Structures are given as C-alpha cells and as structure tokens.
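Below is one structure; the comments refer to it alone.
The values are calculated or read from the model by the stated rules, or taken from the named source; none is laboratory data. Treat the numbers as computed from the prediction; the structure is a model and nothing was measured. Ideal geometry is used to build each Cβ from the backbone, glycine not excepted, and the neighbour counts take in all protein chains shown. Quick note on the areas: whole protein, heavy atoms, side chains included, nothing else; ligands and nucleic acids left out. Shrake-Rupley method; radii C 1.70, N 1.55, O 1.52, S 1.80 Å.
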Amino acid sequence: MEIFYSILPDLIRMVVCAVCGAAIVFGNALVMGYAERKLAGHIMLRPGPMEVGFHGVYQLVVDGLKLMGKQLVVPKNADRPLFMLAPLLAFAPVFVPLLVIPFSDKIQGFDLDIGLLVILALASINLLAILIGGWSSNNKYSLFGAFRAVSQNVAYEIPMLLSLLSIIFMTNTFSLKGVVAAQSPVWFIVIQPLAFLIYLVAIVAETNRAPFDLPEAESELTAGFHTEYAGMSFSLFVLGEYANMFIVCSVATVFFLGGSSGIPLPYFEYSGIIWFLLKVYLLMFFLIWIRWTYPRTRFDQLMNFCWKYLIPFSLVNLIITVVMVKLL
Amino acid sequence: MKSYFSELFTGAWSLILGLKVTIKALFTPIVTCQYPREKLEITPNYRGHIDLVKFADTGTHKCITCGSCMRDCPSDCIVVDGEKREGVKGKALTVFTLDFTKCSLCGACVEVCPTKALDYSNEYELAGYAREDFHYDLLKRVEERE
Amino acid sequence: MDINQVKKQWQTLSTTIEDIDYAVSGHDYNICLERDKVRDFATLMLEEGFYLVDLMAVHVTPAIEVVYQFAHFETRCRVLARAFVDDNSEIATIADIYQGANWHEREARDLHGVVFVDHPYLFPLILAEEDVDLKPLLKKEGTLKDIDAVRRKPPEPAPEPKTKVKPEGAEAKPEAAKSQEQS
Amino acid sequence: MIVYRYLAEVLFYALVCLTFAGGIMAVRSKMLMHAVLGLAATLFGVAGLYFHLGSPFLAMMQILIYVGAVCIIIVLGVMLGNTPDQLAAKNLTGRSLPLALLACATGFISLFVATISRTEFSPAKEKVGDMSIEFVGENLLLQYCLAFELISVILLTAIIGAIILARGGREGKTS
Amino acid sequence: MAMDVETLEDSRHHRYVLNMGPQHPSTHGVLRILLELEGEYAMELLPVLGYGHRCHEKIAEHKPVKSFMPNTARMDYLGALIYNHGYAHLLEKAAGVEVPERAEYIRVITSELNRIQSHLLWYGAYLLDLGAFTPIMYAFDDREHILDILEDVTGSRLTYCYFRVGGVSKDIDDKFVTSTRAFIKRLRSRFPMYEDLVNGNIILQKRLNDVGELTPQLCARYGVTGPLLRGTGVDYDMRRAEPYSIYPQFDFEIPTETKGDCMASFLVRFREMEQSLRIIEQALDGLPEGPVMAAKVPKKLKIPAGDYNASVEAPRGELSYYLVSDGSDVPYRLKVRTPSYSNLSVVPEMCQGMLLSDVVSAMGALDLVIPEIDR
Amino acid sequence: MAEQKKSLLNIHSYSKECAERYDGADLQQTKTSDGPPLLQMKLTDAIFDLCRANSLWPLTFGLSCCAIEMMCSGMARFDLSRYGAEVFRPSPRQSDLMIVAGTVNRKMAPALVTLYEQMPAPRYVIAMGNCAVAGGPFAVEANYDVVLGVDKLIPVDVYIPGCPPRPEALIEGILQLQEQITGKRFPIPQNKMPEGV
Amino acid sequence: MMISANLNTYLIIAAVLLVIGIYGMVQHRSLIGILISSEFILNGASLNFMAFNKFVAPNPAVGQIYALFIMGIAAAEAAIAVSIIIAVYRKYQSEDPEELQDMKL
C-alpha cells in the first residue's frame, strides 16, 4: 500500500507522460514511415514520396488522414467484438513502456526498479493482439500470420531475454536508469558485442520486420494477420508496429549504447535526449537498411537459426558473463 | 562443428556484402524520370494510335478510301467510308474513325496503306474518363492539326 | 535410343508410319494409331525416353482427331501421332503414363469435348465449370472439313515439287484440296 | 493525500469489476476465444490487485507469464483445436445450470461462512525485510532454493512432455 | 497423385484448404491454386487455370494467318519477340518464304534482347516473391535499357509486333547497334553487383537449395522444358537441339546444372543472360547488309494443306506452334504449345509436401506467365 | 474437406445470376453500394479528398500484359511513389485503387467483382489498357470468353487506352484520377528531385 | 477503513474467483474451457497467498514466491494441457470431454 500511495502523487505526471507518449508514438510513426519510404526509395534509385509537400514530407500525414477517412469494414463472418478489439489491444499497450524509458537523465516518466519487466510484459500483449486479430478475421491467411507471429515471437523472446539478462547480471538492476548509469565509462556494446548482435537479430524478429517478416509475408500470406483490416484499424496495427520498433530500439540503446550518454552539447541542459534519439534512429535506420536488402527467410530456417545459433550463443554468453562477474 | 561455424561466417559475410551494395545505392543518383515535370524523350518510332498523315504539299491527307486498312485490321477498329464526288477521281473520304480501345497496335493498317496515308502518332499519355474518349475521328484530327 | 528399333516397335502398334520432311513440316515421323493402341504407344514412347510435347484435338469430319506430339531430349526426333476418337468422342487417357498429358487432356475436353476414358480427374481446366458444354473449338457446320482436306498431299507427278519452297506452289495446292473436298 | 486514497479506492473497485467481468465472460461465453479473452481480463485485474497489494514485480510477472505465455498457449490450443460450431453452440447448454449454480453457491457460502468470517487473522508482530525484488530474489535463491529448482525441473518436464505429446500426434496421423 | 477432390478421405479433415489466387501476390497474375495444407505443409495442390483465357486459338481460326501475329505477342508478353519469331518461323516454313540474312540477324539480336529482358523481369519478380524488394528495382532499371533499345526499333515496349512473315518490319540503324553494345557493357558490369546482393546471399541460398527438385525423368513425363530442364542436367535447348534461324552460326554455351532444384534453375537463367549477351555480340559483329524483308511475300498467305510445326526456345522453354491448314489463308487449327503450361503442370507433384514458403519459391522458379498458360 | 474444396472450385463461375448481375446490366445497378466513410463532414471533405488523392494505394492486381507496365511504373524509372501510390497492398481491404491491368474474362469476372466489393469505400478503379477498357484485340467475333470492358462489371473512374499503355500513361491516369477526386490538377507544388541526387 | 486495505476483501475476491473456476469447470463442455476455468482457481489461490503475505505473514517475500511458483506451475500446466488437448483432438476430432471414452490415447 505504501508503494501505491507513494506512486499516486505521480498521477499528474502520468497524464503528462501519456501525452508525451502519444506524441512519441504518432511522431515516431510519421518519422519512421517517411524515413522508411524515402530511404527505400533511394536505396532503389528512385526518389520516394515527392509531391506531397517539400520532398513529400506530408506523405505520412496524408496517408494517416486517408486511412482515418476510410470505411470501416468488418468482414461478415468475423468475430465482430474481437475484430474491433485487436487493433486497440495492439496499439494501447505501447504507451506504457515509453513511461519507463530514460530519454535522458532528466527526462523519464518513472524510474521503476522493474523497468525492464514493464517493457517485456507489455510487449507480450502485442502478441495477444496479433493472435486475436488473426483469429477473429476469419481468414486463413490471417490465421497463418497469427500463428507464425506467435511462434516466432515466443521463440525469439528467449535469446532476447538472455542477451538482456547478461547485461542485468552486470548491472544488478532492472531499472533502465540504473543500466544507463552502469555504463558510464564504457558502453556495454564494447563489453558484450555478442549480446548486442543477438539482441539486434532478435528484435528484427520480435518486431516482425523483414527479413523476418513472416507473419505478414506478402508473397505467401497476402498481408498476413492484418489481411482483413482496413482503414483505421489497419493503421493502428502499423502505429503499434512502429512504436514497438521504437521501444525495442530504445531498449537496445539503453542496454548497449549507453542510453543518453554522449558529449554534452553546450547551452542545452537536455542534450541527452538528442544523443538518445540519435542512437535510437541509427538503430532504426539499420532495421530499414536490412529490410530493403535481404530476401525473407523461411519459417523453419528462422526457427532453426533461433534454436541452433541464437539461443546457444546467448546461453554461452550468459554463462561467461556470470562467471566473469563472479570472478572480477 | 566446423561447418557450423564456417556457415555462420560465410553467411554473415554474404549479408554484409549485400548491405554494402544497398548502402552504395543509397548514395548513387536516382534514375527516375519524374514524369509530369520532365519527360522522357520518346523515340520517334514510337507507335501510338494511328493517325492520318497531313502532307505538306497537299495540305491534307492522302487517303483514297480503298479500305484496305479496314479489311486488314485484325480487330476491326477502323471504319473508313467515302462518297463519290464530282471532279474527284475515286472516292472522297468522309468517315475515318478509329476505335483505339480495340486496337492492338500491330501496324497492319499502316503497312498495307497504298498511299502511306497512315502513320503512328506519338501520343502516349492518354487517359480519360470515358471509353468513348478514345474513339477517334481521324479525319477531324487531321483537319485540326497544324 | 536406336531409331530403327523404335520404328520396328511402332510398326506393331500403328497403321501407318510416314517419314516426313523435317524442314517442311517440323516433324520427322507421322504415325497413325489405332484408338486402342494409344496407351501402348505412349508406354513405348516413355520407355524410349521421349517427352510429351503436346496433346491436342482437331475437329475433322469422320471424328475428332487427337494429335500427340513427342520429342526426344538427346536426338532430334519429333514424332507426330494421331488417333481418332470413337462415336462417343471417347479415347483412352495417357495421363497415367505421361502425367503432363493430364492437363492437355482436360484442355482438349474443355475445348473439343473429347472424353478421355479413365482420366483421373476430368474436371474443366481452362473454362469455367458452367461452360463445360461450350466446346468452343468445335467447328461449325460449313467450316468443318474432312480429314483429307487437312492432310499433306502426297507428291504429285505433276510439275509440283514436293518441297513447297515457292509461294506459287502454295497457292496451287489448296485448289486441289478444295476439289478433293467437293468430290 | 486523501484524494489519492479515494482515487486508489476507485481504481481498486474498477480492478475488481474487471476481474469479475472477465471471469463471468470466461465461464459464460460460448466462443472459447471470448473465454480466453475473459481470462486475460481477469488476469489483468488480478495483476492490478497485486499492485494494490504492494508488489508491482508480481503484477508484471503476472502479465508477462499469464498473459504473455499462458493465454497465448491457450489461444493456440483454441485455434488448433478448432471447435466445431455445434459444440460451441451446446457449450453451455449440455449440463444442468441450476445444479451448477447451486453447487457453487453452497460452496461459496460454506467457504465464506466457515472460514473467512469466523477466523481471526492476526498480523505478524514484526516484519523481516520488505517487498523489494532484492529481498524476493534473496529468499528465492537462499531459503527457497529447492522449490526454485523444482519449478525449473517442472517447467523442463512440461516442455519435453508438451513436445512429445504434440509431435506424437502428428506422426501417428501421417504414417 | 490423384487430384480427385471427391475421393479424399474423410479422416483427413484436420487438413484444410487454402485458396491462393486468382489475386495473390505470388501467383504472378491470375493463377489460382487450391492448397491442401497440413500445418504449413502443402499436401495436395490443385492449380485452377483459365483466369486469363483469351481464346487465342479460337481467334486464330477466324482470321488470316498473318493477322495472328499481334496475338502471339500477347500470349507471352515477356517473350513477345520470341513468340513472334516462332510464328514467323512457322509460316515461313509452311509457305516456303526465304528470309533475308540481315533480317535473321536482327531477329536473333532482338529475340535475345527480349530473352534477357524476360529473365531480368523474372529475376526481380522472383526475388520479390522471396521477399527482397530491392533487386527488382535494379533488374527493372537494367530492363528499361533493353526496352528503350527495342522500343526504338519496334515502336512498343512490351507487346512487340515486329517480325513479319519474310523478315522484320523495320531495319535497325547505327543507333541501335551502339546502344546495344553499350547495354551489353552495362549489364556485364552489373553482374557482380547482382552476385553480391542476391546470388551469394545466404538467405537466398538457404531458401532455394534443395527446394523443388526435378529429375530428367519427371521432366519427360510432364514435358517440362527450358531452364527447369537444363537445371536437371539435360542440355536441351531448341536453339541447339532443333536449330532454327541462324543460331547454328553462333558460339554459345547452354548452361546446365545438375541438381534440378530451384537454385539450379535460378543459376541457369542467370547464366543464360550472359550467353544471350554473347550471342548478341557475335550477331552484332557479323551483321550483314541487305534487305530486311523478303522480296516476294504474297499478300494473302495461303498455307498448303497439311500440318506444320515450328519450335523455338522461349525464355521459359520450348514453344511450339502446330498449324493444321486446309489450304486457305485461315488456319484450320492452330495450337500453341506454351512452355509454362507444361512447366506448371508439374507443380502438384513437385510441391507436394512442401512448406508454403517453398511452394512460393518453387512456383517463382517456374517463371510463370499466366496468359501464356491459359492462352 | 472435400466439400470445402469442391465449393471453392465453384465460387468463380460466371453463373446465370452473376451474368444478370453484372454483364450488360445498367451501370447504376452494378455499382455496388459504397458504405459511408468513417468521418464524413462537409468541412473535412475537402481535406480528406486531398489526402485520398495523394495516397492512392493500389491493389496488387495484375491480369496480363498491362500488369508488367504497371509494375514498370512502380519501378525506379517512373516511380509511382512520388505520388504516394507505391504502397501496393496485396489485400483489397487496405487498398484504395484497383488498377485493372489486363484482360478480364468470364471466369475472372466474379473474382474481380469480389475484390472490388472487398475494398473499403472510397475506392477507385482505373481500367488500364485496351482489354480492360473495351476488350481490346479480343473484342472480335470469335471471342467467347473475354469480358468486353471492365466497366461492364464495376464502375470505372479513369480509362487508359493503349496496348499496353506506357507507364507515363498510367501516371497520367493517376493524375487524372486525382483531378477527379479533388477537382484540382496535380501536381500543385513543384517538387522535383534535382538532377544527379 | 478502506475496503481495499482489508484482508477479508481479498479473501472474498479470491473465493469468488475460485467459485467462478469451479462453475466454469462444471459448466464448460470443452477441454479448453475447463483449462481456462482451472486458471481461475489457481489465480484465486495465488491472490490468497498475496493477501496473507501482505496482511499477516512476517516475511513479505514468501507470498510473492508462492505466487511465482503458482505462475510457473500454471504455465507448465497450460503447456501440457494444451498439448494433451491437441493430441486428443487429433485422435478423436473432438474436444468434448464426454466423447473421450478410451483410456489409451
């Protein structure tokens, strides 16, 4: 009860955080959507969106508004309540993890000592949303997409957790701020490069992006789990996906890239956030880069890669870390 | 065990090579022709729909209403009709319509024309709100043309 | 594959074997089959390593003619085999020998209405199900020709050369065909 | 401060409502998928109650394990099982509703009357430690080490058993 | 391989049927495949054709033989010139028209350019099927150069109607020669890039190796030809096996692989592009002067009665035109043996027991052009 | 299972009802009802129209030859994405624009109508190529299968003739569609990627 | 006294969860339904543990640890149960417990 009451005064702060969270979610979707299309364009030797605003900067706004203006379709045989619920369930929980991410040493919603757990717990709800959405569409492609999403995400959660765990062993805290503080002389990417690589691969699978975008594999499952979703509900899924990307990249930044640490900029107290966002978007750029480079893997290969490479490597890495922590 | 690691490393190397290609492409100039703003130079040999040629010397077309284009057209999209006029040898052209929506641009009509009165136009940016937009009256077009 | 041996075996199965000029017709052998020997013939061809190029039907007067084309991967040997369907437009299937014939036969059924007996799955392939009776490639009355009208004429003793290299020859021939048809 | 207390109280009621609503949805809905969703709602509610009881750690674990794992396993089971419509239709009609209600009511009343209302629970005189994760972890690894190991053995057994069961079915079918 | 839907056992009802197409990104048009899946394994496949059926054979019986030329281009719009070539070849054979040598050279050059164009499109589209978005852009970028060259001489970008009975409709000029040479240089310089980006990629190799294995025997039973057959180790190419046009004059290899899987046909196609470049180079070097149209081609082309066959090597395999003539200028029956038709018919057997993703990659390896199948 | 497959096989038959429903019927009748969009206010309509016009996501729907030119116009040389139209969605639910690129035959017609009906309103149709406009080279006497113009089945907004049309023509068609939606001729702002960038 | 700070409140909630679980087990006609209901019973139990932990127990870690155990067991139980259900479904094509009459799978 005491903890609960001690947290209560922060309710106001929570509201502020929620507003900021919404800003991040939508802003990130706009930035990422635009960056993705523009970068994809230039990788493919074409300009990408050009005509809507200067170099097409309003393209994503326009797309978003258009999706809002579309007719809401619920397929005849779909399970109506669940069908409507799924995109909300995919979208709503992404706000909470944003609360615990330390954007700089001063900008953070809450510094919970279970920060990492909050992120992981809320991320699992997304999975439930995909499952429900895939099932309730009453479409076989959706169902396949949902199945693939689940098995892939469950499998890749293991190396992801294990690689994060080896950092946790070094820092002895779940608090993200604590993790950032622990890498003050040297970033963990230097000490734990293997964990970083494993985490990087795992988040590509966790966010269902190419080359691991099997749940929405276009050429196989038309549009995967959101085949039947149109307009607003579809855009909620997309927003959720981009927000998830942001979250996992933030976690990577916090755990491996020193969070908001960087050369402090003059005359700006909150320069940490600039560094933080820079690192996050650098990772995101990497995700975009590989998306437009590689073909899609096959499902069994994806799983094999997880079980044969990632999990053993992360386990070995974890054991070595534990031993080293004990010895040093 | 050796193959386990060697596969890992060759695989990783191949992935890096791919990344190199795309990052290089990211910084190469685009190849796009940004259509309404700049237009590709369309080859003069481009085959658009057919048109009656306006000859400079006569100031009009040279169709003699023989109808061989109409007969040779594999998809029956040309209608040619003429009437007997006084003082003119043969028939004078009164109707020459092309239903471009059925045309397959095979060029049979152009090749069969004994007076070379037909030629391909260079129009390629056609779009319209009704299919009737593309039922051309070539006779009218040739008169309107400069 | 020894072509002479194969020819011997063909002789047991077919009514006529005709060596034809590849340069003109694109085939090396023209074989007329009995209706009930089709399967044996196909088995033989498979054993000899031929592949099925095509299977089609031609609508001519005595009965619809089913044409099989075979070729060989290693040596140039294009074989044309024909057989007539019976009164119910039926003929034995070779789809279990040459699986590739499965679709060709279904197509022939679609377009000509030839029924291939014992075909594993004679369901409309190209046309929709309700168009089963359309049989679009059946000739209408008047355009339907006799089998002899579409057969290559044997070299006549007349000045006509066998190889029809000149277009003039091409124009002369059809008249003979027409007269034959009328008679 | 009192405002916050009331706010917390309202939150508490909301959580209880969520828990019960989820429960009713889980047992009364004909579609199994809705039942799972009801279960998920209940689990969220219970997680909130854990939060109220001063253990956000457990609340998060509840969401992580129950919603993230158990619910998803069950949803997978529902999808793979693919309940036929007629079974779904008679899902709640086949058995005697009054009997079930009666049994539950008697059970509940006897439980409530016999135990909860009669017993006097006396709080411990003094408390050792606090609710922090560090303390939980310490206890888990020192005092309750055996149980900790046992649970991992159980999980391992469960994984192996599940794999064997699920695989065996497929092979039996295709052969 | 009984595909009878009626007699499927009831006990299998934990399988379920997935309907792929007619609108599906990986069917390349309007193919429809009913997949019977067990988990993600396709246990039975039932292709349903006819969504692109355009009555070509019926139309052929209703108009003079020469007028069918534009239709051949629309049958296989990717290999339009090769289809033109086959048809012109057939008519020339049947009516005995001599083609001037220069025309044959032009035909070969443009046909081979067309083949490269087709292969490049396949290359891009196949990788799109496999989930890589970028290679198709690069491939199309190269392809546009071919289209520019061909458009300059034929007047259209895709459904060329360039060949005529007795020659080609328009002579090529120096611009064509120089731009073709420039293109050869360009494409050669692009191959290493493709090698890095695509061919060597571990993901691609993992996805293509050991998928959809064919054997020469299977190919014979189904009539599979083209790169798929050459992927099994049989060097059967109509340009060699039944030489037509002036192909015997050129020195080129027929690339073969032995495994017969998707990777084999992938490599065969990829290397065929290089061989086509070689042919074009030689043809450009030896390009003779002269007319491009036979002097005497009757306006009304009457084909002597009888049946005629002409086979050419289309990008997807053996293309045969079989013409039954009754002596008039309208074909009595024209049958087109399209390579994709036979190639696709192997799918039910080839893809049995495959993963859904593998079905997609196996079908991509067939390089399907649906209107060619449905005709 | 067998029944499932059987019924699936039958769904695309150009049955009598289907023929009555679509073929040659009055256009007004064939226009399947567009449900109201989610937000519909007079004030916002202009803005939404602008957004719709600049975010036409086409359906991945190639029928035959023209599909290749459609692909070409999405590729680097012509790049539809400059108008925000490069998002080729494989699912009709997420697409706004159906580019009927190629020949529609009687077997395809029901599927095409289904796809159109699956698209959420507001939706647009471009008939690309002569086959889709009027049957093209197949509009001959011997034809027994080709539907002569996709506007017999679904309402068409913009027609692009050609066999096949050049990619520029498709872009022009999209510009005309934008003009139809908003009443303005695009492109309004002059954004040209500088040369050599 | 706030109702949320009372041990009995939590005990009643837990009892209601238990009853819901029992009711569901009796009422549901599918194995999955029964599995779902059993989760309620487990949740009720762990809520009890947590309540006692909060209000009664001297060591505040014990209740949490017990709740964690229950979660672990629930996860294991769900995995096993679902795989059994799938196996049963494969065998009988049914999820109705009344139709499962053979002892041997």
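Numbers for the structure displayed
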| read-out | value |
| --- | --- |
| Flag if A:I189 is closer than 30 Å to A:A146 by Cα and either part of a helix (DSSP H, G or I) or open to solvent by 40 Å² or more (accessible area, probe 1.4 Å) (or both) | no |
| Condition met for A:A121 (closer than 20 Å to A:V25 by Cβ, in contact with a Leu (Cβ under 8 Å, 6 or more places away or on another chain) and surrounded by 24 or more Cβ atoms within 10 Å (Cβ to Cβ)) | yes |
| Any hit, segment A:55-71, residues being over 30 Å from D:G137 (Cβ atoms), out of contact with any helix residue (DSSP H, G or I) (no Cβ under 7 Å at 6 or more places or on another chain), among the hydroxyl-bearing types (S, T, Y) and not in a helix (DSSP H, G or I) | yes |
| Matching option when the condition is of a type outside the set (V, I, T) and without any contact (Cβ under 8 Å) to a residue 40 or more places away in the chain, among C:Y22, C:Y98, C:Y29, C:Y68 | C:Y68 |
| Whichever residue in segment B:113-126 is open to solvent by 20 Å² or more (accessible area, probe 1.4 Å) and not polar (S, T, N, Q) and, among such residues, is farthest from the other protein chains (Cβ to nearest Cβ) | B:K116 |
| Any hit, segment B:57-66, residues being open to solvent by less than 40 Å² (accessible area, probe 1.4 Å) and within 8 Å of chain E (Cβ to nearest Cβ) | no |
| Residue in segment E:294-305 that is β-branched (V, I, T), buried (at least 24 other Cβ atoms within 10 Å of the Cβ) and not in a loop (DSSP other than H, G, I, E, B) present | no |
| Listing of helices (runs of 4 or more DSSP H) fully contained in segment D:63-127 that carry 3 or more residues being modelled with pLDDT under 70, more than 14 Å from chain A (Cβ to nearest Cβ) and within 30 Å of E:R15 (Cα to Cα) | D:85-89 |
| Every pair of residues 6+ apart whose Cβ atoms lie under 7 Å, when the first sits in segment A:136-148 and is more than 11 Å from A:T227 (Cα to Cα) while the second is open to solvent by 30 Å² or more (accessible area, probe 1.4 Å) | A:R148/A:F299 |
| Answer residue from segment D:28-44, given it is at pLDDT 85 or above and more than 9 Å from chain G (Cβ to nearest Cβ) and is most open to solvent (accessible area, probe 1.4 Å) among those | D:F44 |
| Matching residues, segment F:79-100, being touching a Ser or Thr at 6+ places or on another chain (Cβ under 7 Å), among the hydrophobic types (A, V, I, L, M, F, W, C) and open to solvent by less than 20 Å² (accessible area, probe 1.4 Å) | F:L80 |
| In segment E:211-237, residue nearest to the other protein chains (Cβ to nearest Cβ) [restricted to those that are open to solvent by 20 Å² or more (accessible area, probe 1.4 Å) and under 26 Å from E:L356 (Cβ atoms)] | E:R221 |
| Extreme residue, farthest from F:P120 (Cα to Cα), among residues of segment F:45-65 that are out of contact with any Phe, Trp or Tyr (no Cβ under 9 Å at 6 or more places or on another chain) and more than 8 Å from every other protein chain (Cβ to nearest Cβ) | F:A46 |
| Some residue of segment F:101-108 being under 18 Å from E:L158 (Cβ atoms), more than 8 Å from every other protein chain (Cβ to nearest Cβ) and open to solvent by less than 10 Å² (accessible area, probe 1.4 Å) | yes |
| Any chance E:Y123 is among the aromatic types (F, W, Y), within 13 Å of another protein chain (Cβ to nearest Cβ) and under 20 Å from the mean Cα position of the chain (by Cα) | yes |
| Some residue of segment D:47-60 being more than 18 Å from D:I133 (Cα to Cα) and assigned by TED's automatic domain parsing to the domain that holds D:G77 | no |
| Of all residues in segment E:31-46 being out of contact with any Asp or Glu (no Cβ under 8 Å at 6 or more places or on another chain) and either at the interface with chain A (Cβ under 10 Å from one of its Cβ atoms) or surrounded by 24 or more Cβ atoms within 10 Å (Cβ to Cβ) (or both), the one that is nearest to A:A217 (Cα to Cα) | E:E40 |
| Qualifying residue in segment E:323-330 (condition: farther than 30 Å from E:E44 by Cβ, more than 8 Å from chain C (Cβ to nearest Cβ) and not in a strand (DSSP E or B)) | yes |
| Residues that are part of a helix (DSSP H, G or I) and of a type in the set (K, R), drawn from segment A:284-307 | A:R291 |
| Condition broken by C:V66, with the remaining ones in (1) part of a strand (DSSP E or B); (2) β-branched (V, I, T); (3) facing chain E (nearest Cβ under 10 Å) satisfied | (3) |
| Hits in segment G:58-72 - residues which are buried (at least 20 other Cβ atoms within 10 Å of the Cβ), without any contact (Cβ under 8 Å) to a residue 24 or more places away in the chain and of a type in the set (A, V, I, L, M) | G:A61, G:I65, G:A67, G:L68 |
| Test set (1) part of a loop (DSSP other than H, G, I, E, B); (2) closer than 30 Å to E:R333 by Cβ; (3) at pLDDT 80 or above - F:F78 fails condition number | (2) |
| Within segment E:150-163, tally of residues that are at pLDDT 85 or above and over 20 Å from the mean Cα position of the chain (by Cα) | 2 |
| Looking only at segment G:20-38, and only at residues there that are under 11 Å from the mean Cα position of the chain (by Cα) and open to solvent by 30 Å² or more (accessible area, probe 1.4 Å), the one that is farthest from the other protein chains (Cβ to nearest Cβ) | G:I34 |
| Segment A:130-152, residues that are open to solvent by 10 Å² or more (accessible area, probe 1.4 Å) and at the interface with chain D (Cβ under 10 Å from one of its Cβ atoms) | A:W135, A:L143, A:F147, A:S151 |
| Test: residue in segment E:261-276 that is out of contact with any helix residue (DSSP H, G or I) (no Cβ under 8 Å at 6 or more places or on another chain), within 14 Å of chain C (Cβ to nearest Cβ) and open to solvent by 30 Å² or more (accessible area, probe 1.4 Å) | no |
| Test: residue in segment C:36-56 that is basic (K, R), within 9 Å of chain E (Cβ to nearest Cβ) and either more than 10 Å from the chain's Cα centre (by Cα) or crowded, with 21+ Cβ neighbours inside 10 Å (or both) | no |
| Scan of segment A:68-83 for residues that are open to solvent by less than 20 Å² (accessible area, probe 1.4 Å) and facing chain F (nearest Cβ under 8 Å), ordered by number | A:G69, A:K70 |
